[in-house]
1. For residue 62 paired with residue 109, estimate the spin-label separation in nm (one decimal), with each label point 7 Å from Cα along the Cα-to-Cβ line.
2. Given that compact globular proteins tend to follow 2.2 N^0.38 Å, what is the ratio of the alpha-carbon Rg of segment 1-114 to that value?
3. DSSP beta bridges in the chain, what fraction antiparallel, as a percent rounded to 5?
4. Under 4 °C and 1.567 mPa s, how fast does segment 229-355 diffuse according to Stokes-Einstein, given a Kirkwood radius computed over C-alpha pairs? Answer in µm²/s, whole number.
5. How charged is the neighbourhood of residue 196? Take every other residue with its Cβ under 14 Å from the Cβ of residue 196, and add Lys/Arg as +1 and Asp/Glu as -1.
6. For residue 267 and residue 228 in the same chain, what is the full-extension length gain: residue separation times 0.36 nm, less their Cα-Cα distance, in nm?
7. Using amide H atoms built 1.01 Å from N in the peptide plane, name the residues 5+ places from residue 36, or on other chains, whose amide H lies under 5 Å from its own.
8. Can you tell me how much longer the chain between residue 23 and residue 287 gets when fully stretched, taken as 0.36 nm per residue apart minus their C-alpha distance, in nm with one decimal?
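Taken together, the values in this text are just the output of simple stated rules run on the coordinates, not laboratory data. All of these numbers come straight from a predicted model, not from anything done at the bench. Cβ atoms come from the backbone with ideal geometry, glycine included; neighbour counts cover every protein chain shown.
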Amino acid sequence: MGLETKRVALLGATGSIGRQAIAVIAANPGLELCAAASGSTALDDVDAPLKQVGGDLVELLERAEPDVVLNAVVGFAGIHATLWALEQGVDLALANKESLVAGGELARTALVRGGGRILPVDSEHSALFQCLEGRSGEQVDTLVLTGSGGPFRGRTRDELTEVTPEQALAHPTWRMGPKITVDSATLANKGLEVIEAHFLFDVPYERIEVVLQPTSIVHSLVRFRDGAALAHLGYPDMRVPISYALTYPLRAETPLAPLDLTSLTLEFQAPDTETFPMLALAREAGERGGTAPCAFNAANEVAVAAFLAEELSFLSIPEVVGETLAAVGGAPARDVEDLLAADREARELARKVAA
Ligand code: NAD
Ligand code: MG
């Protein structure tokens, strides 16, 4: 086995995904943690030959020479690691959706140039990846992304005026880091995932749907042109997509109980796009293309941080993002410098709008 051990560089090792990834790697003798990084939290209890708190992730990756990069950093900060892995043709196990949303066009070019692959860790995209099995876009009728609807599903706008960060952080089905949990409450997360799916699977936006499935058992599905629809089911547990991305094309054992079908309720409903405008704003940014998705992401990061700091109301999050999107040019990024500039510009605008 020794020679076949896969060396994993884990970025964002102290986060929700990072912790679960460490458990998955520890339980699998075919996987070895060759490097671990965090933004500011200590890595004392993480056992890896290379460790780094803060600093340049690309430098760490160059030293680590991993077989696979698990990018579990939160936010646009993960962009350099994503582009590095794609350029080098190193497998990219991608949890950090913000980097693909913001830099999708550059990432696609880098992926072709590097000749590697992206193994999605986001549960919906892992589900789609498995249902698609590499099939090309023309065989696909629609991708259907499922979502729980978050803690505020079913509420009216009036019932959202006073919601606190604490209430937004109480997700009904998933335990995740604070940023993505707020994104789940606004439906920005599903919006980011629509753009992520577009760049991962090369399917146009009008053929990517969102449907709510409140118990988070159906992780997404693909409708094919022959009338067949394939769905991916399982308990909501990120160790499954993490394990799949790290062991692909094999399926390793995980400690999960088998799915007990007779105890499940599987209901589907349309999202309330009036009360939760982030979904439509994400689609608008995606359709515009260029750096519009980068601006959407940047404005959302600023607005979520302000909401968590109790400086912005919940309902102001989509306002900040909408006004920022309306104000940016959104011209394509020729290179990473252009992308960084678009991100900076959108953040400055969003901070002004939010103030
Ligand atoms: P988290 O807040 O729990 O953890 C984030 C991690 O990133 C921490 O280890 C932090 O130290 C690190 N980090 C932040 N900035 C960094 C930087 N500049 N350099 C290096 N490390 C940095 O977040 P999370 O919930 O684990 O989410 C991570 C990513 O995975 C996000 O993009 C999220 O959208 C995605 N994701 C998470 C889940 C989930 O269940 N948590 C599910 C799907 C997708
Ligand atoms: Mg997801």
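1. 2.1
2. With N residues counted in segment 1-114, Rg over 2.2 N^0.38 Å equals 0.99.
3. Given both bridge residues lie in the chain, the antiparallel proportion sits at roughly 30 percent.
4. Here the translational diffusion coefficient equals 74 µm²/s.
5. -3
6. Result for the pair: 12.1 nm of gain on full extension.
7. Under 5 Å from the amide H of residue 36: 10, 50, 51, 52.
8. Net length gain for the segment: 91.2 nm.
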